[in-house]
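I have placed the structure first, in the form of structure tokens, so that the comments after it can refer back to it.
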Number of protein chains: 2
Amino acid sequence: MQDKTKYLLDESEMPKAWYNIQADLKVPVPPVLHPGTLKPIGPDDLAPLFPREIILQEVSTEREIEIPGPVQEIYKLWRPAPLYRAHRLEKALGTLAKIFYKYEGVSPAGSHKPNTAVPQAFYNAAEGVKRLTTETGAGQWGTSLSFAGQIFNLEILVFQVRVSYDQKPYRRAVMETYGARCLPSPSNETEYGRKVLAERPDHPGSLGIAISEAVELAVQRDDTKYALGSVLNHVLMHQTIVGLEVIKQLEMADVYPDVIVGCTGGGSNFGGIAFPFIGQGLRGGKMPRIVAVEPAACPSLTRGKYAYDFGDTGHMTPLTKMHTLGSSFTPPGFHAGGLRYHGMAPLVSHVKELNLIEAVAYNQVECFAAGVLFARAEGIVPAPEANHAIKGAIEEALRCKREGRSETIVFNLCGHGHFDMTSYQKYFAGELTDESYDEAELAMALSGLPSVS
Amino acid sequence: MQDKTKYLLDESEMPKAWYNIQADLKVPVPPVLHPGTLKPIGPDDLAPLFPREIILQEVSTEREIEIPGPVQEIYKLWRPAPLYRAHRLEKALGTLAKIFYKYEGVSPAGSHKPNTAVPQAFYNAAEGVKRLTTETGAGQWGTSLSFAGQIFNLEILVFQVRVSYDQKPYRRAVMETYGARCLPSPSNETEYGRKVLAERPDHPGSLGIAISEAVELAVQRDDTKYALGSVLNHVLMHQTIVGLEVIKQLEMADVYPDVIVGCTGGGSNFGGIAFPFIGQGLRGGKMPRIVAVEPAACPSLTRGKYAYDFGDTGHMTPLTKMHTLGSSFTPPGFHAGGLRYHGMAPLVSHVKELNLIEAVAYNQVECFAAGVLFARAEGIVPAPEANHAIKGAIEEALRCKREGRSETIVFNLCGHGHFDMTSYQKYFAGELTDESYDEAELAMALSGLPSVS
């Protein structure tokens, strides 16, 4: 084994196609349904929201989809992303396990999100779209789409969940640096926003509400479309460049992983690292164990129901079959804002149902403790979302220690925490507690799922 | 020419020795003087502040000083740092020039500062030191020493200029994540701090005051020493790994630079990129033009006097010959906190006197405009300090455009601006103005320089 701190690929070795797991699924993912007819939707139903190429990718069963040249050129601003061997974390844990992490925080926006923001902006611009709307919680996605929009001369309008808008002004400043406009949601710019505000003028907002606002504006104007940062098939496919690079980098290190770990909110960074490995297994090759780590306060994979549900609170989106806590479920206000979503990507839900992946949930305080241990060993201060993946990887490494095994563990460090330092301040001040949801509210949200036979 | 977006070196190609420009100076840099006797100081005079190895490096005339193995291992967490070709910035400017930038923001602390923090912590730990004190303004240096101290098990105490301590709580949270203690300066923990507070309880602090406090504590305890993040010879030498890597990377790109640009506060990132190129010239080889860019509101190189002066406000440090605005000069509160220092590194001042470098000063609003243009083209949001280097490089590129030349311009992008987004907010809100100093205050500060024959 060639023992390095980091494994770098030259630009020329960057994957030139994304991997589409739908090509290898013997049982296809359940279709997306029209909320009125409950019939599978066709490309025309999605046309008001997405450009044609994105819609085709959403349903494609081609195994490889070429990354357009202009997207490759922008990817090169930060890709290929480094794979690190966590030598110092291993020592700190006293484990025999070899721990590797893929670092996606090297992107301009500081997370994996530009991997899909850039192609989404590209395809929209190529089809003549002038403006994109979107939602953002903590701001990782809004920042990424703002960056991508600037590159392809698209006007970007971001609805940011109001509580984050107020608490994290730095993220907004980054979006503005990239030339985007950012509004607190619920806002007065949409009918749905005005309705929510009329009922509760001080509403703190939610991702589900922000999605409804962004979708409402997109369908109203021909020159405007909508972009989503997670959940959908094409988004997860764009993220597979992460796992495709990891496969090459582990070959450089002359190891094959025993366990892959990723955190899951909507499922995009997890799908990005996991799907290329699952694909090897689906095609008859060997496959590592794959562990999805989610927040205990918003546990769609471990406590949700696998059912058809809306993607938003205002019920403007189609229905997708997924692990869901119910579209009316409001996750408590924990600090990993990127994991505060009631549903899970249909493709991630599907491979969970096929028993190709495992899922586990951790509380936020133990995740922050894992993140601080990681920062002190490896230097990088992780995003609160990424702390869940770190916690999952550390637990696997400690299991190896107990069992006397020297397994190879790989996790996705999906972003840095530079814009989340108030969360760390609270952690150090002892003010961070484990948020929990109300069981009655969860039961009510689950009972309100749309009935689809 | 091999035309890439970024030029990466493998870990195995990382320089294994720093470059010491003192070996090549035919006219040696003027000696450091004892403030009482006005005689050159010896190693024993510095022993209360620094470990022996650092003191030897400060006066060494060896051309190459080996980077200790444990320091190389830590460097590999982020080094070699990438060199980028700014293709999109070139297009935005419509210039024929080729623009390259070295990106030091990939370090865990987000700037070039860990290049010296890590070896300083290593040498102190190796000589049995238990605790380091230091000062920080905006927080780049305090963060870096906190990171390095954690690695070598040193207790770190950071005196942060109070106005920054209050305005930039995120930086403090990062220092605490690395396990350091951070106090606002002036503080009640030192005699000098108490004296300042007695005169003015709401004193906003300054780097000069914070240095005095850190030095005072260091000299009181045998197990405690002091670390400085810029100005001194050994600090600039540790930073030469930047320029040494750039030389190798430009060879990969098959170009030789016409102009090197860096921003100057204390002089460390500038010396880091410039000295290896100046060394080539001093040894009879070719040498590019080298441009130091400083803030117009704190213009030590362009408006200061080349004279012996104190490094701190409390007059506890030795006297060094440098371009200085006077140790009693208080720079106005502009946003590039890392450039708010009354003096300049003696080695940078010396090469300026030898006409080996040029110096130019820009105002902060034009520097922010340059930084936003850069962010929109290249994706990275730069630190306010780095915006000065960007402004300098853009001016060179526009000169090339006017003159129809296709020169190669290389600048040091010394850090990202993730913890400086309030400055960008103010810029977009139109609230940022060009700060200027009081000419009478500057004259008074210069008239108060210590008299050294």
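The values are calculated or read from the model by the stated rules, or taken from the named source; none is laboratory data. Since the structure is predicted, the reported quantities are computational estimates derived from the model, not experimental observations. Here the Cβ is made from the backbone with ideal geometry for all residues, glycine too, and neighbour counts use every protein chain on show. Surface accessibility is based on the protein's heavy atoms, side chains included, excluding ligands, DNA and RNA. Shrake-Rupley method; radii C 1.70, N 1.55, O 1.52, S 1.80 Å.
Yes/no per residue for (1) within 19 Å of A:A81 (Cα to Cα); (2) open to solvent by 20 Å² or more (accessible area, probe 1.4 Å); (3) touching a strand residue (DSSP E or B) at 6+ places or on another chain (Cβ under 7 Å):
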position: A:G110; (1), (2), (3): yes, no, yes
position: A:K113; (1), (2), (3): yes, yes, no
position: A:T116; (1), (2), (3): yes, no, no
position: A:F122; (1), (2), (3): no, yes, no
position: A:A148; (1), (2), (3): yes, no, no
position: A:F152; (1), (2), (3): no, yes, no
position: A:E155; (1), (2), (3): no, yes, yes
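Screening B:E251 with (1) free of Cβ contacts under 8 Å to residues at least 60 places away in the same chain; (2) crowded, with 20+ Cβ neighbours inside 10 Å gives one miss only, at (2). Taking the numbered list (1) within 14 Å of another protein chain (Cβ to nearest Cβ); (2) surrounded by fewer than 24 Cβ atoms within 10 Å (Cβ to Cβ) in turn, A:Y178 passes all entries but (2). For A:D3, the criteria (1) in a loop (DSSP other than H, G, I, E, B); (2) away from chain B (no Cβ under 14 Å); (3) open to solvent by 30 Å² or more (accessible area, probe 1.4 Å) hold in every case but one, which is (2). Here the stretch B:7-31 is the region considered, the condition is being surrounded by fewer than 18 Cβ atoms within 10 Å (Cβ to Cβ) and within 14 Å of chain A (Cβ to nearest Cβ), and the residue that is farthest from B:D45 (Cα to Cα) is B:D10. Every condition in (1) under 22 Å from A:F334 (Cα atoms); (2) in contact (Cβ under 8 Å) with a residue 24 or more places away in the chain is met by A:N153 except one, and the failing one is (1). Against the list (1) open to solvent by less than 10 Å² (accessible area, probe 1.4 Å); (2) away from every other protein chain (no Cβ under 14 Å); (3) of a type outside the set (F, W, Y); (4) within 25 Å of B:N233 (Cβ to Cβ), the condition B:E358 fails is (1). Looking across the stretch A:33-50 at every residue that is in contact with a Phe, Trp or Tyr (Cβ under 9 Å, 6 or more places away or on another chain) and crowded, with 18+ Cβ neighbours inside 10 Å, the one that is farthest from the other protein chains (Cβ to nearest Cβ) is identified as A:L33. Residues in the stretch B:79-101 that are open to solvent by 30 Å² or more (accessible area, probe 1.4 Å) and part of a loop (DSSP other than H, G, I, E, B) were compared, and the one that is farthest from the other protein chains (Cβ to nearest Cβ) is B:L96.
Counting only residues that are small (G, A, S) and not in a loop (DSSP other than H, G, I, E, B), how many does the stretch A:337-352 have? Show your work before the answer.
Applying the first criterion (small (G, A, S)) to the stretch A:337-352 yields A:337-338, A:343, A:345, A:349.
Next, from what is left, pick out any that are not in a loop (DSSP other than H, G, I, E, B): A:337-338, A:349.
Qualifying residue count, the stretch A:337-352: 3.
Within the stretch B:395-427, can you find the residues that are open to solvent by less than 10 Å² (accessible area, probe 1.4 Å) and either basic (K, R) or away from chain A (no Cβ under 12 Å) (or both)? Within the stretch B:395-427, B:A397, B:C400, B:T408, B:I409, B:V410, B:F411, B:N412, B:L413, B:C414 meet the criteria. Among residues of the stretch A:1-27 that are closer than 19 Å to A:E104 by Cα, those with a beta-carbon under 6 Å from a residue that is outside any loop (DSSP other than H, G, I, E, B) and polar (S, T, N, Q) at least six positions away or on a different chain give the pairs A:Y7/A:Q249; A:W18/A:T240; A:Y19/A:T240.
Restricting attention to the stretch A:361-394 and to residues that are open to solvent by 30 Å² or more (accessible area, probe 1.4 Å) and small (G, A, S), the residue that is farthest from the other protein chains (Cβ to nearest Cβ) turns out to be A:A361. Annotation note: Cβ proximity below 6 Å between a residue of the stretch B:196-215 that is free of Cβ contacts under 8 Å to residues at least 40 places away in the same chain and a residue that is outside any helix (DSSP H, G or I) (sequence gap 6+ or interchain) occurs for B:V196/B:P186; B:V196/B:H203; B:L197/B:P186. Restricting attention to the stretch A:428-453, the residues that are free of Cβ contacts under 8 Å to residues at least 60 places away in the same chain and within 14 Å of chain B (Cβ to nearest Cβ) add up to 4.
Sort out which residues of the stretch B:118-152 are of a type in the set (A, V, I, L, M) and within 11 Å of chain A (Cβ to nearest Cβ), and write them in order of number. B:V118, B:A148, B:I151, listed by residue number. The one condition from (1) within 14 Å of chain A (Cβ to nearest Cβ); (2) open to solvent by 40 Å² or more (accessible area, probe 1.4 Å); (3) touching a residue at least 24 places away in the same chain (Cβ under 8 Å); (4) charged (D, E, K, R) that B:K76 does not meet is (2).
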